Amino acid sequence: MRLKKPAVALATAALMTLAACGGGSGTGTDPGSENTGTIEGGNAGSGKNPDAQAPAEVPEDATEGGTFTVLTVNVPSTLDPTQAYYTDSTAILSDLVTRSLTQYAYVDGEMVLIPDMATDLGRPNEDNTEWTFTLREGLKYEDGTDVKAEDVAYAIKRSFAIEELPDGPTYQTTFFLDGDKYKGPFQDGTDYAGVEVNGNDITIKMRRPFTDMDYYASFPAFTAIPEAKDNPATYGRHPLATGPYKFADYKPGTSLTLVKNEFWDPETDPGRIQMVDGWEFKFGQDSAKLENVIINDTGEAQTTLTYDNVTASGYRSIQEDPDRLVTGTSPCTFMWFLDMTKITDINVRKAIGYAYPYRAAWKAAGEIEGVTRVPGTSILPPGTAGRVEYDPLGIKGVNTDPEKSKELLQEAGAMGYEIKFLFASDDALSVQAKDQLVNGLEAGGFKATPIASTLETIRTDRTDYDSPINVRSSGWCSDWPSGGSWFPAQWSGDLVGLEGMPNPSNFKVAEMDALQDKILDTMTPEEAAAAWGEFDKKMQTEYYPAVVTGYSGTAMIHGSKVGGMENDNVRGMPTFQRMYITE
Amino acid sequence: MGIQPTELVVSNTDEPEVKSQDVAGRSPTQIALDRLRHDKIAMVCLAVVAVFVLIAIFAPLLTDLFGVELEGGDPVTDTKADSFPAIGPPDYGFTWEAPLGLEPRTGNDLLAEWFYGARTSLGVATFATVAATLMGIVIGLVAGFARGWLDRVIAFVIDIFLSLPFILVALALAPIIVSRFGAQPERLEFVQLCALLFVLSVFGWMTLARLIRGEVLSLREREFVQAARVIGVPTRSILFKELLPNLVAPIVVSISLGLPAFVTAEAGLAFLGIGVVGIPSWGQTVNRAVEFFSTYPLFLYAPVVGICLLVIALNLLGDAVRDAFDPKTRR
Amino acid sequence: MFGYIIRRAVSGILVLLATSVAVFALFFYGPSNPALAYCPETRCTPERLANITESLGLDRPVLEQYGGYMKGIVAGNDFEAGAISIPCDAPCLGVSFKLRVDVADYLLARFPATLSLAVGGVAIAVTLGTALGIFASRVRGTLADKLIVGSSLVINAVPYYLVALLAFLYLISEWGIFPQSGYVSPFTAGPISWAAGLLLPWLVIGITSSTQYARFSRGSMIESMNEDYVRTARAKGLSDRMVTLKHALRSAVVPVVTIMGLEFAALLAGTIFTERIFDIQGIGKTALDAIGTKDLPIIAATVLIAAAFVVTANIVVDIIYSLLDPRVRLS
C-alpha cells in the first residue's frame, strides 16, 4: 500500500517515497502464503476473526451527535473505490463510506480482519484457486436500494479497467482468472469468467493459488457498485455509500463533507459505528496552521483531528497534553537500495551501512526518532508473521560508525568510493537531508555525489535503469502482513530488467532465487512465514543489498473531545470507523 | 507585492509645486544631493543601509569574528532528540557559541545564516536593479525615439508584461529554467541563481521604460536635439549623449525605489518556496521558521527584523531621493 | 468615447492572446510531461505512454495544439487521455493533471473566496485611505497630519507579506483575537461567520494599501482646495463642509481611481500571499499549490485569468477616469 503522501506532502516524501506495492507489470510471482486461520495476535493486522458479530460495540463514553473536522496537508488524488490505493483514500472510503467484503477492526491495540459485507472471511477451495463470499441480507445503498451480489461482481470486474481507472491495486491481474487478458467492463464488456454470482454467493476464480484473498477483499475495490450508476470519469465524485456515512459535498482537492447514511443498518456491520452526525475533511491545509488549531483546542478545534504526522514543533507543544497524541506504527520499511550490479563488493556495501548518518538524516528530513521513524535492521517490519530480529552490522540501525566504514573500505581497496544518489532540489527538507548524507558518507571515507531531481520526477528518475546513481532511496509497505508480500515482489531475480524497476537493488542471486522458489512452491503457509523471516536474515547478512533506514511511525494529534481515535496500524491512519465525540 | 513602484508614475498628482529658490551655478543633481543631505530621516536610513551593505560585504569575516560557521551544524550533536537545539534558545539562555541560536533539525548556526542572508538579499537586489534599469533605459530610449511600429510594439510588450501576474509567472518560470539548464548537478546552484535574477530583472523594467519613453518624447522636440539631428549626429549618439544626461533624475529615482522592491520580491519569492537552494536567504529562513513560531520564536524574528529594517530603510531613502530630485514634491 | 472603448478592448484582447501564447508555451517547455501525468505510476510502459501522448495530441504540431487549446476555451473540448475521458465544457481551460477535474469548474468553486477577500480589502483601503487623506488635508500642517503622512510612509515601506504573517501569527494563532476559520461561504455558514473569518485579512489588506489612497487623496484635496471654483464656492458662502463634500471631493476621487487601477496587479499578487498565510482556499492558493505539484493546466489557467483581470481593470479604470474628470479627454 502507498503512504498517505501522494503529492503535496513535501516532508519526507521526496527522499523516501515508497514504491507502490504490487510492483512492476506482470511479475508472475506469488506473494501469497499466509495462513487463513483464526486470531494470531501481536501482529499488524494479521489477526483474523471470521466470527465477529454485528452490531459493533459502542464505547461507554461515546455521545451521539457532533461533527468531526479532519484537517490535512494532503490531497487525496482520487476517491473512486477502484482507484483508491493511498492510505488516506482507502481509510476514508473503507472506514466510513464504501463497505467491502471484509474489513479491519481495532481490537486491543491491533487491527483484526473481520467480515464486512460478507458473512465470513470467504471460503477458499482446497488449493486456494476459488474463493466464495456470501453477501449479508439487508444491505442497502444510500438511496435505499438493495445491494446485490451482482454489484460486487461488477466492482470486481471494474477493477480490471486499469487504463480507465489507473493507480489502483493490481493483484487481480496477477492472480484472478484471465487477469492478464480481461481489460474491464468498459473495453471487454461484463462477460468475465473469473466472477460468478449465485444468489448471494460471489465466487472468484483464480489462475494461480491466492491464499491472501481475504485480506485483499478488504480493499475499497471490493465494494458494491451498481453498473447502471457507473461512469468511470465521475463515479469518484460521489461513490454510492454502503457504510455509515455518505458524500454530501465533495470538492476535489479542497474538501469532503460526509453526512449520516440513513440506510446503513448497524445490525449488518460488525466493525463500524455511526455516532457523529458528519465529517468535514479539509484537504491541502497548511501544516503549521492546522497543528496550531488542534493544539490550542478551543471551540470547534476540540472535535478536530489530523492524520498528518506531527512536526517537531507540534510534538513539543502537545507534550503538555499527551493524551491528544496518538502514536503507533505502520508496516513500512525505508531502505537505501544498493545497486548490486554497480557496488559489487560486499565490504563496500556494508561500509555504506556503517557510514549512513541515520540520526542526522532523519532529523534533517524532519523525522522524530522513535516517533515518526523507528530504527530497525530487519527488512520485514514489526508485526509481520515469522519476522526474525537480527542486526547484520551490530549498530542497531542507528549508531553510525565512520571508522568501521573506513576500515572496510581500506580492506576493499576502495577508499573514496563514489556514492551517487538522488534528492529533490525543490524540497527544503530533502535538500537538508542530502547535506547530512554527504557529510556522513564523506566522514565514512566515501565520495558523495548527490544528483538533483525534483519532487515530481524523482520517482521516474529512480526507477530508470540508466540513471547515473548507484543507490536508490525508497521503501516498501505491506499490503497485508505476510513476508510473501515482500520478497517475491522486490527481491526476486526475475524482476531485474523489468519496466518500473521493481527490484531496486538489481538483486539477482541464484541461491536466493532458488530459496524463494522453494518457499513458494513447497511450503505450507505456516512454514513459509518462518522461512521468510530466515530469508530476510540470510539475505541481509550474506549479501547486504540494502541499508534499512528505519520503519515508519505514526504520530497524529487530535482535539480533546475526540474519542476512539487509535492508530490503524495497517494503514498508519486514524481508526475512523470507531470514532465518536466524548462528553 | 509587485516590483513596479507605483509612486513613480503618479508622483505629479502630489502637492502643488512650491517655488524653490534656485541658486545659480548648480546642476539639478547637486541641488538634489544638497536637499538630501539636509534630510535627517534620509541620512539615518542611509546609515542603516550602509550597515547592511557592510554586513553583506564582510559576511565571511563577521562569521569568523563571532566564531560561527555557515551550515556547519551536526543534527546529532547540535540538536536534541526532539530536533530542538542542544545549546542556546529556546531551551537554554543566550550563548556566545550561537548568538542567534541554532536551527532546529539541522543545528545550523542562525547568525551565520543571517549574515549571508543579507548578502544574498542585497546582492540579488543590486544585480536585478542594475539589470532592470539598463533594460528600462535602453527600451525606453528606443521606444521614445523610434516612431511608428517599433514604438507600438514596445508599448504592446510593456502592456503584456504589466498584465502578467508577476509572482505566478516567476514561480512557474524558475523551475522551467532550472530544468532546462540545470542538467549538471554541480551547476545547479548557479543556474537557480541565474533563474532568480532573470525573473526579477525581466519583470522590473517596464515602469522605467515607460517613464523614459515619455521624457524622450518631450525632449526630442527640444532645440538641442533638433540641432544635433540637423548637423547629422547619428541616432545612437543623440540617444546616449544628448538625451541620457537629461534623464538622470528619473533613473536615480527608479534605482532608489527599485532596490527595496527587489529586496522585498526576493524574500517574498523565497518565502513562497522559490529561490536558490543551498544559498542562505532570509525569505527561506522565514518559510522554515513559521512552523516553529510558538516553540522557537527567535528563529523567525531574526530574518523578519532583517528584511523589515533593510526594506524600510531603503524605501524611506528612496522616497527621500525621489522628493529631492522632483522639485514638484515636498514633504 | 465608444470608439475608444472598442480600441481599448481590441488591444486588451491582443494582449490576452499574447499572454495565452506565453502560457501555452508552459506546456511545451514546462517542467512536467502531460502524458506522464496520465500514465499509471506503477505500470507506465513506453507503449502506454506513446498511446496517451497520441490521444492527448502531444505529437501534433505546436500550432495545431495551440489551436486546440484556444478552441477548448471557446467551444469546450472533451478530454481524451488513453482510455480516460473527462468532459470539459466551454470555457474549457483544460483538465487538472492531479485531480482530473475540469479546471474552469475547479477555479470557479474557489473564486468566491478570492472575490470576498479582494472586494472587502479594497473597500476598507479606499474608505480608510480617502477618509484619512481628506482629514489630513483639512488639518494640514498639524501634528495629526504629520502623523498620518509619516505612518503612511512607514507602513508603505514594510513588505506586505511580513505584516500579514505577523498579524496571522499573533492575532489569530497566539492571542486568538480573530477566528481561525478563514473563508466560509456566506450562503451556507451565514454572513456573520463569513465576515468574521475574513475580518483580519481584510484589515491587513485594507490598512497596508490604504496608505497610497491617503497620500494621493490628501495631495489632490490640497490642490483642489486652492482651485478657483472652490474659492468661488466659498465666496458664495457655502459652509466648509459643503465645499469639501460637493466640490473638492470629486477631484480627490480621481487619484483613488487611478491607484485602484495601478494597484490591481499588486492586489492580485497580494492575494497569493494573503491566501497562503491565512490559508484561504482561493485562486491564489490554488495557483500556488498547483505550482507545487506542477499541475500545468491550473497554473496556465490562473495566469490567464489574472492577466484578463488586470487588462479589464485597466480598461474600466480608464473609462471611469474619463467620466469622473472632465479634463481627461479620451483619444
Being exposed (fewer than 15 other Cβ atoms within 10 Å of the Cβ), hydroxyl-bearing (Ser, Thr, Tyr) and under 13 Å from C:Ser209 (Cα atoms) is the filter here, so list the residues in the range C:119-148 that pass it.
C:Thr127
Selection count where residues are out of contact with any Ser or Thr (no Cβ under 6 Å at 6 or more places or on another chain) and either open to solvent by 30 Å² or more (accessible area, probe 1.4 Å) or modelled with pLDDT of 90 or more (or both), scope the range C:151-163:
5
Residue among B:Arg180, B:Arg147 that alone is surrounded by fewer than 18 Cβ atoms within 10 Å (Cβ to Cβ) and more than 10 Å from chain C (Cβ to nearest Cβ):
B:Arg147
Spans of strands (runs of 3 or more DSSP E) in the range A:39-140 with at least 1 residues within 14 Å of chain C (Cβ to nearest Cβ)
A:67-71
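Residue-by-condition table, conditions (1) more than 10 Å from chain B (Cβ to nearest Cβ); (2) in contact (Cβ under 8 Å) with a residue 12 or more places away in the chain; (3) over 17 Å from the mean Cα position of the chain (by Cα):
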position: C:Met242; (1), (2), (3): yes, no, yes
position: C:Ala248; (1), (2), (3): yes, yes, yes
position: C:Ile272; (1), (2), (3): no, yes, no
position: C:Thr286; (1), (2), (3): yes, yes, no
On the given criteria, is C:Ser209 closer than 24 Å to C:Pro255 by Cβ and in the same structural domain as C:Ile283 (by TED's automatic domain parsing)?
yes
In the set B:Pro250, B:Pro245, which member is without any contact (Cβ under 8 Å) to a residue 24 or more places away in the chain and closer than 23 Å to B:Arg322 by Cα?
B:Pro245
Considering each of B:Gly273, B:Gly283 in turn, give the residue that is modelled with pLDDT under 90, within 11 Å of chain C (Cβ to nearest Cβ) and more than 18 Å from B:Val49 (Cα to Cα).
B:Gly273
Could you check how many residues of the range B:287-317 are assigned to a helix (DSSP H, G or I) and facing another protein chain (nearest Cβ under 7 Å)?
11
Say whether the condition of being open to solvent by 30 Å² or more (accessible area, probe 1.4 Å) and under 27 Å from B:Ala270 (Cβ atoms) is met by at least one residue in the range C:98-113.
yes
Picking from A:Val509, A:Val471, A:Val438, the residue that is surrounded by 24 or more Cβ atoms within 10 Å (Cβ to Cβ) and among the aliphatic types (A, V, I, L, M) would be A:Val471
Can you tell me how many residues in the range A:476-506 are on the phi > 0 side of the Ramachandran plot and either open to solvent by less than 10 Å² (accessible area, probe 1.4 Å) or modelled with pLDDT under 85 (or both)?
3
Taking the range A:512-530, which residues are buried (at least 22 other Cβ atoms within 10 Å of the Cβ) and in contact with a Gly (Cβ under 7 Å, 6 or more places away or on another chain)?
A:Ala528, A:Ala529
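One line per residue, one yes/no per condition, for (1) within 14 Å of another protein chain (Cβ to nearest Cβ); (2) in a loop (DSSP other than H, G, I, E, B):
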| site | (1), (2) |
| --- | --- |
| A:Gln285 | yes, yes |
| A:Glu291 | yes, no |
| A:Asp308 | yes, yes |
| A:Gly314 | yes, no |
| A:Asp323 | no, no |
| A:Val326 | no, no |
| A:Thr329 | no, no |
| A:Thr333 | no, no |
Residue among B:Gly273, B:Gly283 that alone is among the small types (Gly, Ala, Ser) and at positive phi:
B:Gly273
Suppose we filter C:Ala196, C:Ala214 for residues that are closer than 24 Å to C:Arg140 by Cβ and more than 11 Å from chain B (Cβ to nearest Cβ); which single one remains?
C:Ala214
Could you say whether any residue in the range C:168-185 is buried (at least 19 other Cβ atoms within 10 Å of the Cβ), at positive phi and assigned to a loop (DSSP other than H, G, I, E, B)?
yes
Those residues that are charged (D, E, K, R) and part of a helix (DSSP H, G or I), I need them from the range A:349-394; list them, please.
A:Arg349, A:Lys350, A:Arg359, A:Lys363
Restricting to the range A:381-416, name every residue that is open to solvent by 30 Å² or more (accessible area, probe 1.4 Å) and in contact with a strand residue (DSSP E or B) (Cβ under 7 Å, 6 or more places away or on another chain).
A:Pro382, A:Gly416
Going by the structure shown, is C:Ser116 surrounded by fewer than 19 Cβ atoms within 10 Å (Cβ to Cβ), of a type in the set (Ser, Thr, Tyr) and under 30 Å from A:Thr298 (Cα atoms)?
no
Considering only the range B:230-241, how many residues are open to solvent by 50 Å² or more (accessible area, probe 1.4 Å) and either closer than 12 Å to B:Phe145 by Cα or not in a helix (DSSP H, G or I) (or both)?
6
Restricting to the range A:426-477, and then to whatever is in a strand (DSSP E or B) and within 14 Å of chain C (Cβ to nearest Cβ), can you tell me which residue is farthest from the chain's Cα centre (by Cα)?
A:Ala452
Taking first residues from the range B:116-133 that are under 14 Å from B:Val202 (Cα atoms) and without any contact (Cβ under 8 Å) to a residue 60 or more places away in the chain and second residues anywhere that are open to solvent by 10 Å² or more (accessible area, probe 1.4 Å) and of a type in the set (Asp, Glu), the pairs with Cβ under 8 Å that are 6 or more apart or on different chains are none
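The values are calculated or read from the model by the stated rules, or taken from the named source; none is laboratory data. Fair warning: this is a prediction, and the values are worked out from it, not measured in the lab. No Cβ is skipped: glycine too gets one built from the backbone with ideal geometry, and neighbour counts run over all protein chains shown. To get the accessible areas, we keep the full protein, side chains included, count just its heavy atoms, and leave off ligands, DNA and RNA. Shrake-Rupley method; radii C 1.70, N 1.55, O 1.52, S 1.80 Å.
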